[in-house]
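The block underneath contains the structure these notes are about, expressed in structure tokens.
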Amino acid sequence: MDKLGWLPIGFVGLIIIMVLTNWISTIRLRKKLAKAWEGKPFFIKNDSEESLVETMLLASTLQPTDSQVDGQTWHDLDMHRVFDQLNYTQSSIGAEALYQKMRLINFQPDASLQELEDFFEHHPDLRLKVQVVMNQLGKKNHNMARSIVANPGKQDSRIYLSLYLFLACLPVLSLFFLPFFQIQAMSVLIASVTFNIIFSSIRNWSNKMRLDQVSYLVRIFASAEKLSRLALPKQEAFKQAVQPFKKTKVISSILQSPTGSSEMEIILIYLNFLFLIPQIAQIYIYQQVRTHQKEAQETINLLGELEVAISLLRHKRDGNLVCHPNFKEEAGIKGKGIYHPLLADPVANDVTFEKNMVISGDNASGKSTYLKMVAINCILAQGLGFAYGDSLELSYGHVMTSMDVSDDIEVGDSYFITESKTILRMIESLEKSGFHYFFIDELFKGTNTIERIGSGLGIVRWLSRHDCLYMISSHDIELVAASGAVNDNYHFDSRYVDGKIVFDYQIKQGAAVTKNAVNTLKSLHFPSEITQTSQELIGQYEKTGKWSLNRMLSDKEEGC
């Protein structure tokens with residue numbers, strides 16, 4: 001056998017090396033994921049929030065949704081940090097599904113997620129196999145998989161598919177004819193390899209974004225085909241959904257975008273060029289998705305559900321005290337031992353939010369944290385079916401907040417105008433069907449005292465007559481006292497002990513009876529003249545209802 005005759009054998013050897021390398025990589029990955037499940041650090045790239053928002057907005061137009069957590073509420077509650085804390089997904093499909101469940105909420109019970117969690121808790125071997133497959137699918141920002149499935153276009157390119165398949169087969173065929181027709185086969189081999197690499201490079205350069213997106217979609221279907229062989233819940237649904245895309249496994253193993261995550265990446269990229277894999281995949285996938293759009297969407301949904309269930313199961317294994325909420329018909333929220341998930345050492349509180357509430361209290365005593373705690377758990381209970389605490393009972397409802405408000409320099413809005421707009425969006429949202437929960441931190445703190453109290457009382461009176469519950473924090477003693485006719489009053493307090501402010505962070509019934517602003521100044525060692533003057537002025541106001549420095553100035557002049 002001459003030197004050219006060894007080329008077919010070398011080609012077969014390359015395939016064997018690729019298979020062995022992939023097998024070894026999979027074994028390593030299984031070990032890493034198994035250790036990560038027990039708590040060992042395991043790095044995986046996170047999806048950008050822009051990419052997650054993009055897919056969420058698309059999903060909101062494609063699927064029925066009763067409520068959407070808007071951007072202001074998401075920002076106010078720092079919900080992306082909550083998402084990061086929950087997110088143990090291995091693929092972008094899983095991360096997108098988790099993000100959507102937290103922002104697109106349906107007002108009806110769904111036990112399927114909890115059933116999946118229970119299944120994976122009792123079948124750790126299958127859970128690990130799913131994680132391996134989804135890790136190999138990996139992360140890709142702006143992957144557009146859901147967008148392609150939603151709008152695959154109408155172009156029919158079967159002629160091009162046949163041409164690309166023929167060009168891709170030429171190098172392989174020429175290799176096997178080398179021992180018999182050396183000159184002719186070698187000529188065809190060189191010509192076909194050269195043409196395919198140049199042609200594929202040009203096509204990839206001119207159409208790189210779409211080819212990358214198709215690459216991820218192909219690997220999604222290939223991943224689903226692998227999982228359809230496992231004895232998972234909804235296995236039959238998996239098989240039916242992925243059936244039209246089973247051929248993708250032939251090309252997915254070498255279809256590769258440069259990510260730097262695989263030892264075989266360079267070889268795979270060259271094989272992509274040589275065999276026109278991206279071009280073939282693009283035409284094939286678009287044809288199949290056009291014909292089987294429903295099955296393609298179901299495939300993505302099923303993959304996302306698996307990852308969300310595994311991610312939540314892993315989070316709950318960290319020892320967090322969580323409960324499964326009970327949903328009721330009567331409006332309101334009632335909970336025991338509820339806490340804020342983002343605090344390192346949270347203080348649990350009971351919740352009785354079945355009437356409108358105004359919460360007063362000292363600075364830094366826990367008012368804002370309490371509002372956020374209730375709102376976050378209300379969202380998680382409805383979207384993901386769990387809450388942080390001993391127990392939670394609630395009715396379904398839209399959740400909206402006005403907390404972390406700032407002036408908008410670009411638009412030219414002052415703090416008060418921006419704050420007013422966030423309140424107005426709440427008022428306008430009442431046009432939607434369904435109950436509403438409103439959480440407002442420091443109502444109208446961007447304007448003067450008189451107008452703040454007047455406008456605030458106007459708001460609470462109006463809201464009290466509509467289909468909603470409001471929870472409002474306030475420092476204004478007058479607003480708290482005057483609003484008692486339409487809501488319940490609660491408070492947080494503090495004690496001044498040995499020059500320090502001490503908080504217990506426990507909510508209590510009734511309006512606040514303590515004030516800690518001056519004591520805070522003392523604890524920070526402000527000049528005593530400032531703190532004494534402040535205390536005298538406060539005492540003067542409490543007696544007369546007026547503020548004035550004239551008397552103090554007169555006393556000072558007489559002393560001189």
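The values are calculated or read from the model by the stated rules, or taken from the named source; none is laboratory data. Treat the numbers as computed from the prediction; the structure is a model and nothing was measured. Please note: Cβ atoms are built from the backbone with ideal geometry, for glycine as well, and neighbour counts cover all protein chains shown. Remember, those area values only see protein heavy atoms, side chains included, never the ligands or the DNA or RNA. Shrake-Rupley method; radii C 1.70, N 1.55, O 1.52, S 1.80 Å.
Some observations on this one:
- Remark: Ser91 matches the filter, which requires a residue to be modelled with pLDDT of 95 or more, of a type in the set (S, T, N, Q) and farther than 25 Å from Ser429 by Cβ.
- When Leu116, Leu77, Leu104 are screened for being open to solvent by less than 10 Å² (accessible area, probe 1.4 Å), aliphatic (A, V, I, L, M) and on the phi < 0 side of the Ramachandran plot, only Leu77 passes.
- A residue that is among the small types (Gly, Ala, Ser) and either at pLDDT 90 or above or in a helix (DSSP H, G or I) (or both) can be found somewhere in the stretch 463-473.
- Qualifying residue in the stretch 86-97 (condition: of a type in the set (D, E, K, R) and either out of contact with any Gly (no Cβ under 7 Å at 6 or more places or on another chain) or open to solvent by 40 Å² or more (accessible area, probe 1.4 Å) (or both)): no
- Residue among Val53, Val82 that alone is closer than 25 Å to Gly385 by Cα, of a type in the set (Val, Ile, Thr) and touching a Pro at 6+ places or on another chain (Cβ under 8 Å): Val82
- Note on the stretch 382-416: residues that are surrounded by fewer than 19 Cβ atoms within 10 Å (Cβ to Cβ) and modelled with pLDDT under 85 total 12.
- Yes/no for His80 being more than 27 Å from Arg28 (Cβ to Cβ), under 21 Å from the mean Cα position of the chain (by Cα) and in a helix (DSSP H, G or I): yes
- Residue check, Ser60 touching a His at 6+ places or on another chain (Cβ under 6 Å) and either not in a helix (DSSP H, G or I) or not basic (Lys, Arg) (or both): no
- Exactly one residue among Glu298, Glu307 is at pLDDT 95 or above, over 30 Å from Tyr496 (Cβ atoms), among the acidic types (Asp, Glu) and open to solvent by 30 Å² or more (accessible area, probe 1.4 Å), and that residue is Glu298.
- Restricting attention to the stretch 197-227 and to residues that are at pLDDT below 75 and hydrophobic (A, V, I, L, M, F, W, C), the residue that is most open to solvent (accessible area, probe 1.4 Å) turns out to be Trp205.
- Applying the criterion of being among the charged types (D, E, K, R) and open to solvent by 50 Å² or more (accessible area, probe 1.4 Å) to the residues of the stretch 481-506, the residue that is modelled with the highest pLDDT is Asp488.
- Residue match in the stretch 228-250 (condition: at pLDDT below 80, buried (at least 16 other Cβ atoms within 10 Å of the Cβ) and either aliphatic (A, V, I, L, M) or closer than 26 Å to Val133 by Cα (or both)): yes
- Meets criteria (open to solvent by less than 30 Å² (accessible area, probe 1.4 Å) and modelled with pLDDT of 95 or more) for Val289: no
- Of all residues assigned to the stretch 434-455, none qualifies as being in a loop (DSSP other than H, G, I, E, B), modelled with pLDDT of 90 or more and charged (D, E, K, R).
- Screening the candidates Val132, Val149 for the property of being in contact with a Ser or Thr (Cβ under 7 Å, 6 or more places away or on another chain) and assigned to a helix (DSSP H, G or I) yields one hit, Val132.
- Scanning the stretch 104-112 for any residue that is under 25 Å from Asn143 (Cα atoms), under 19 Å from the mean Cα position of the chain (by Cα) and not hydroxyl-bearing (Ser, Thr, Tyr) turns up at least one such residue.
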